[in-house]
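Right, one structure below, let's go through it.
We did not get these values from a lab; they are worked out from the coordinates using the rules stated. Keep in mind it's a predicted model, so treat the numbers as computed, not measured. Methodologically, a virtual Cβ is constructed for each residue, glycine included, from the backbone with ideal geometry; neighbour enumeration extends over all protein chains shown.
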Amino acid sequence: MRKRRTDAGQPDWRSFAERMFDGALMVDPDLRVVFWNAAAQQLAGWSAEEMVGRTLPADLLVRIPGEAAESPSGIEPLAETLRAGEPRDADAWLRHRQGHLLPVRLRTLAVPGTGGRTAGAVGILSDNTPRIVIQRQTEELEEEAPLEPLTGLGDRVAAERALERRLDGLRLHGVPLALALVDPDGLARINDRAGREAGDRVLRMVARTLYHGVRSGTDAVYRWGGEEFVVLARLAGGEPLRRFCEKLRQLVERSGFDGPDGRVDVTVSIGATRAAPDDTPELLVRRAEAWMVRSKEGGGNRVTCEPEPPALPPVEEG
């Protein structure tokens, strides 16, 4: 089959864009999608038939406060390229069709038009998930315990073994450890309103969002039991525990999917604590659970953790 060619006799750019490994999209000056390649479909879950011709949803890409000080909408770089005609490069979170968020890098380029105007903008979406590290972690997890079938995360047995190892690392080598207990809010109401299948879908969405929201190689997420998840994080002393947990809370809050009876959104209550060398697994989990209950009692959709130690004053010289 011969390649499509432009009027100038050059191969059509679409034939190249369709074969790209990265997701590629193009919008017109009104942010209507005019091109959406197969890699974008694989990354986001939406087909070209579903995306082309519609206005790019403002919440398809989001940015988390603290990670980006500009706009919370991740499609803003495309809008800036349309306005200024200049390329942009930004990290964002892509909302998958299933509702969970994936870390991506968005690079934009202007499409020149006549009279110096911008005819559109091209966006290149690159998966920011370090696949090799995640694959290695998954293989190690499968060796120590089977994955929990609903969410694909390690189960409670795997979590308890990992917690024991990390506490040993804290005692023997001083490797810092923090534990966060994450509990979706109002899941029983979702089950009653939309059915158990929707509730299971919420659990899968929260699991995937947490999984992609933590740092590969240092942090891990497990299904603790029932509706709860546990996050084990290697936070250095100067890294705020609350900020780490707030990022996870906001990622879940921005997740969501369209169910048969309308939009299904969810929030989480988080309780978190730092481990001490004399902690036992039971004591550490009980402490995090107490903070999580406070988050629930405070109305949900919040983080509660122990106060951070005050920063030491600078040493005066002389």
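Restricting to Cα pairs below 8 Å that are 6+ residues apart, what does the relative contact order work out to for segment 131-305? Please round to a whole percent.
Once divided by the residue count of segment 131-305, the mean separation gives 26 percent.
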Practice problem: Sort segment 131-305 into rounded, prolate or oblate with this rule: let a ≥ b ≥ c be the square roots of the eigenvalues of the Cα gyration tensor; rounded if a/c is under 1.5, and if a/c is not under 1.5, prolate when a/b is larger than b/c, oblate otherwise. | Solution: prolate
Quiz item: If packing is taken as the mean number of other Cβ atoms within 10 Å per residue, what is the order of 283-294, 266-277, highest first?
Solution: 266-277, 283-294
Quiz item: Along segment 108-113, what does the Karplus equation 6.51 cos²θ - 1.76 cosθ + 1.60 (θ = phi - 60°) give for ³J(HN,Hα), rounded to whole Hz, x for Gly and Pro?
Solution: 10, 9, 7, 9, x, x
Exercise. Take the alpha carbon gyration tensor of segment 22-127, find the square roots of its eigenvalues, order them as a ≥ b ≥ c, and report rounded if a/c is under 1.5; if not, report prolate when a/b exceeds b/c, else oblate.
Key: oblate
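Run the numbers for R54 and E282: contour at 0.36 nm per residue of separation, minus the present Cα-Cα distance, in nm.
Contour length minus Cα-Cα distance gives 76.9 nm.
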Practice problem: Find the relative contact order for segment 74-114 and round it to a whole percent, using C-alpha pairs within less than 8 Å whose residues are 6+ positions apart. | Solution: 40
Self-check item: Dipole magnitude of segment 22-127, debye to nearest 20 (Cβ charges: Lys/Arg +1, Asp/Glu -1, about Cα centre)
Solution: 140
Quiz item: Please identify the trypsin sites (Lys or Arg not before Pro) of segment 171-216 that satisfy two criteria: DSSP loop assignment and at most 11 other Cβ atoms within 10 Å. Which are they?
Solution: none
Quiz item: Mind listing the phi-derived Karplus ³J(HN,Hα) values for segment 258-270, rounded to whole Hz, using 6.51, -1.76 and 1.60 with θ = phi - 60°, and x for any glycine or proline?
Solution: 8, x, x, 10, x, 5, 10, 10, 8, 10, 10, 9, 10
Practice problem: Rank the residues D200, D278 as a footprinting-exposure proxy: fewest other Cβ atoms within 10 Å of their Cβ go first. | Solution: D278, D200
